[in-house]
Structures are given as structure tokens and as C-alpha cells.
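Visitor: One structure coming up, written as C-alpha cells, with questions to follow.
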Ligand code: AMP
Ligand code: GLY
């Protein structure tokens, strides 16, 4: 396979990280992101394009408009479409792209319900015998009260539907738990899971599956895990504290039974199955499934992938994953620190200027990945979202990667932004674990 041309649908840090990984793969002739962001548009200009780089109508794409995605893929002569975010997947974009005869990496609408509905995911896990928190599906105040009584505090109340990483409330405050349930309408209330959390991503073509490196995400907005839940404030990989059999256990007990059950139901899952896990004192439990690359874990993981991303995602999209061997990884560690706009995960402050070295080119092994950035009318880089940038650094170990990432953040001038200062700190200092047997 040479000369693969790829269209990545989406506009965040995950999509920029995918494009950077495709750009490192000699088998990929071009990878464009639409609607994209200033980071991906800049990279597109250096990529080959049938339309000529300045002519690319990338920014105007509506990811929910299947006909427009297919038309853009044709115009770019893309033979692989990769769908980044969950909303278009849940809305059926992958079905439309495949119906047009294009290879597509991402699950069908029916399979994307694993993320689209927490209750659907619970049903599939129950059918497949996958370990997860005990839970109740509640649509009335009476059911909510009964479920809160059953489990006791801390209460875990989850919006059944998509909520951009902000639908989950974990609280000791019963009134707050009831209020969140009332705001959401339909919720899943579940038992509290202790222990460290892990994200394991698996590529699957509906039958075979292969894991990426495990990563850890930092969900809370503030240092030390304080503050509200977010989409993720940073991530690192690999996990020096995790048991050696983590990936194999998760594949055997979570990913493979889920993939098999989805096939049995007549809705095979092809794409990336993201298992959010808690390593509890009673063993491994699934916290959630997502149906796409995690953000910001992807930004940390992909720089360590040695196997070409194009070949791998095309094999998954076309039912040939079993023809690839295990993925090859570089040694060392990698982390991503999110710079968010003040106010996030509430309404973020928009328009704040961002200046400094490395905003468009890597400097000293640090890659700045664009997530929620824009160019103002004078062409200056400004904040235009909640999570604005990911500062991604590698190193021989986590200490080295952390030093690099935080040194690069010191060089940035983004006064309306903030970050967590403790991404990967406990792991780097050897302060996580030991964990109970999986
Ligand atoms: P989710 O969107 O389901 O991943 O939930 C977001 C975050 O809420 C998770 O990463 C956990 O930090 C927390 N969380 C979710 N479910 C539970 C649970 N059952 N027990 C403890 N924390 C949870
Ligand atoms: N990092 C969490 C997510 O992608 O949902």
C-alpha cells in the first residue's frame, strides 16, 4: 500500500494528532482534516492535494452532513475516511460514507450506541459478561431515590445520552445527585468504583481486535483531581505502575466479548473501541465505553506508534485486521498536557491571544497540537474553544517527558489559558499502586 489519501473528519486535538501520525507514515500521501483548525490547515498546506492546497474547502465542512463529507472525500481522492468525534458517528455518518463505497474507519450508528447510550452499553456488557459497576436505569424521581438509597454515597449519576464528557456527576451530596438526575431526564445511577482509572483503546474490524498502549486520562479540571469533570485535561502513556497483563486481560475480558456480542446482535462494531476502566480493589471494571479515539489520550499515544497508522486504520476499516501483526511501539514515555480557556468546563473565555515558540512546528521534541484555536481577523492565533491546545512531549521516561512539556508551557504566552500542573506526576514519582489483582 502506498499513496494512501485520507480525510479525517473533526476539528479538535484528536484529529490534529491523527493527521500528524498519518504525516509520519511513508505510505500516506496526504491526510487532510475537515473542518479542522489552524494547526491542521497549516499541515494540509504541506500535503499533496488534487485541488491545490490553497483551494481546499476544508473549514466549511459540516461533520453531520454525510453528502458533504462524501463529496469532499471524492474531491480529495481520499480512499479512507476517519471519523474523529462521537456525535457524527452516533448520527450515522459512517453508514453514509460506507454506503457511498468509501472505506471508513468508525462504527455504524447502531454500533455507536455503545457510547450514545450508557444504558445500551450496560445491556451489552451484561449480555457479554463484561465486568462493570452495578447500575439502575432511571427515568423518574422515585426510581432515582430508590437507586441512590440502594448504593449510598458517593453517588454516581450519569446522563444516559451524549454529553461531551460532562454528563457524569460523582458527589456525596444527595440533593446535587437528585438535581443532576432531574436535569438529565434519563440517567444511569451506579455503584462507586474506587482505584486508578485506565483507558485502553482497541482497533477492531468487527471480528479481530488489537490493543493500543494503555493510557491514563485526567478528568477533573484542577490539580489533585479537584473541580468538575471535563473531557480530559491531560494524558500519558505507558503506565509504569500497571500490571503487565493489563492489556491482555482487558482484551480477553472486555474487548473481545463486547466485539463478539455486537456481532451476535447483528450490529458489528468496527473502528476504535475505547474501554474506560477502573482497577478497583475487587478487580477490573468498565467505567464507560467510547466509540472513537479518546481525547487527549490519542495525542499522547500516537507519537509512540511505530507501525504506520494508514495501513492499520485501513486494515480495520476493510475487515483485514487479522492480516497485520501486533503493533510496534517506540520505547519511552509520552504525555499531553491540555491548555484550556479560563472558565472551562463551564463557558470558556474566547478570543484570548496565544503566542510563543512551537505553535506550528515542533521545538525540542515538543509538539503543540491544536484543539480549540482560531485565527482572528488579523491572522493571529486565539482561543476558540474549551480545550485549546495540547502540549505533547516524549522522553526516555515520564519524568523527562514531563520536564519537557512543562518547560514548553512556560514559554507560551496564553494569559487567558490554564492547565493542570500534575499530569503524570504521581506515576512519574512511583506513587500509584500497587493495584489489586485484575
Ligand atoms: P464516564 O463519562 O462514564 O467515563 O465518567 C467520567 C468520569 O466520572 C470517569 O472517568 C470517572 O472519573 C468518573 N466515574 C464514572 N463512573 C464512576 C463510578 N462508577 N465510580 C467512580 N467514578 C466514576
Ligand atoms: N478522554 C476522554 C474521552 O475522550 O472521552
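Where a number appears in this text, it was derived from the coordinates with a stated rule and is not lab data. This is a predicted model, so every value here is computed, not measured. Cβ atoms come from the backbone with ideal geometry, glycine included; neighbour counts cover every protein chain shown.
Visitor: Which order do 377, 270 fall in if you start with the one that has the fewest other Cβ atoms within 10 Å?
Guide: The order, fewest Cβ neighbours first, is 377, 270.
Visitor: Would you mind ranking 329, 41 so that the residue whose beta carbon has the fewest other beta carbons within 10 Å leads the list?
Guide: Taking fewest neighbouring Cβ atoms as first place, the list is 329, 41.
Visitor: While we're here: Can you sort 130, 69, 82 by how many other beta carbons sit within 10 Å, fewest first?
Guide: The order, fewest Cβ neighbours first, is 130, 69, 82.
Visitor: Over the stretch 206-287, what is the relative contact order in percent, taking alpha-carbon pairs closer than 8 angstrom and at least six residues apart?
Guide: Dividing the mean separation by the residue count of the stretch 206-287 yields 27 percent.
Visitor: Note the full-extension length gain between residue 170 and residue 330 as 0.36 nm times their separation in residues minus their Cα-Cα distance, in nm to one decimal.
Guide: So the chain would gain 53.9 nm between residue 170 and residue 330.
Visitor: Suppose R0 equals 41 Å; then what is the FRET efficiency for residue 134 and residue 48 from their Cβ-Cβ distance, rounded to the nearest 0.05?
Guide: According to the calculation, E is roughly 0.20.
Visitor: Give the dimensionless ratio obtained when the Cα radius of gyration of the stretch 117-200 is divided by 2.2 N^0.38 Å.
Guide: Taking the Cα Rg and dividing by 2.2 N^0.38 Å, one obtains 1.04.
Visitor: Something else: Roughly what would the spin-label model give for residue 411 and residue 71, points 7 Å off Cα along C-beta, in nm?
Guide: 4.2 nm
Visitor: Here is a further query. Can you tell me the mean projection area, over all orientations, of the convex hull of the stretch 17-121's alpha carbons? Units nm², please.
Guide: Orientation-averaged projected area of the Cα hull: 6.7 nm².
Visitor: Return the Rg/Rh value of the stretch 339-408, two decimal places, where both radii are evaluated on C-alpha atoms and Rh is the Kirkwood radius.
Guide: Radius of gyration relative to Kirkwood radius: 1.03.
Visitor: What is the distance, in nm, between label points placed 7 Å from the Cα along the Cα-to-Cβ direction at residue 186 and at residue 376?
Guide: The modelled label-to-label distance comes out at 4.4 nm.
Visitor: For the chain, what does the relative contact order come out to in percent, with C-alpha contacts under 8 Å and a separation of six or more?
Guide: 16 percent
Visitor: List the pair-distance distribution P(r) of the chain, using every Cα-Cα distance, as the percent of pairs falling in each 10 Å bin from 0 up to the bin containing the longest distance, rounded to whole percents.
Guide: For the chain, the binned pair fractions read 5, 22, 33, 28, 11, 1, 0 percent.
Visitor: Further, regarding this structure: Three principal axis extents, largest first, for the C-alpha atoms of the stretch 188-309, in Å?
Guide: Cα spread of the stretch 188-309 along its principal axes, largest to smallest: 42, 38, 26 Å.
Visitor: I've got another one for you. Starting from 0.36 nm per residue, how many nanometres of slack lie between residue 282 and residue 244 once their C-alpha separation is accounted for?
Guide: Full extension from residue 282 to residue 244 adds 11.9 nm.
Visitor: Give me Rg over Rh for the stretch 60-151, both radii from the alpha carbons and Rh done the Kirkwood way, two decimal places.
Guide: Taking Rh as the inverse mean 1/r over Cα pairs, Rg/Rh reads 1.18.
Visitor: Oh, and also: How long are the three semi-axes of the equivalent ellipsoid for the stretch 54-96, computed from the Cα gyration tensor as the root of 5 times each eigenvalue, in whole Å, largest first?
Guide: 18, 11, 9
Visitor: Also: Quick one: among 379, 395, 365, which has the greatest mean-square fluctuation in a GNM of the chain with alpha-carbon springs under 10 angstrom?
Guide: Looking only at 379, 395, 365, the largest GNM fluctuation is found for 379.
Visitor: Next question, about the same structure. On the first, second and third principal axes, largest extent first, how far apart are the outermost C-alpha atoms of the stretch 203-254 in Å?
Guide: 39, 25, 17
Visitor: Still on this model: Quick one: what do you get for the stretch 308-438 if you divide its Cα Rg by 2.2 N^0.38 Å?
Guide: 1.29
Visitor: What distance in nm separates the two pseudo spin-label positions at residue 98 and residue 396, each 7 Å out from Cα along the beta-carbon direction?
Guide: Modelled inter-label distance: 4.7 nm.
Visitor: I would also like to ask the following. If one puts a single equal scatterer on every Cα of the stretch 262-319 and applies the Debye formula without solvent, what log₁₀ I(q)/I(0) results at q = 0.15, 0.17 Å⁻¹?
Guide: Log-scaled intensity ratios, in q order: -0.64, -0.79.
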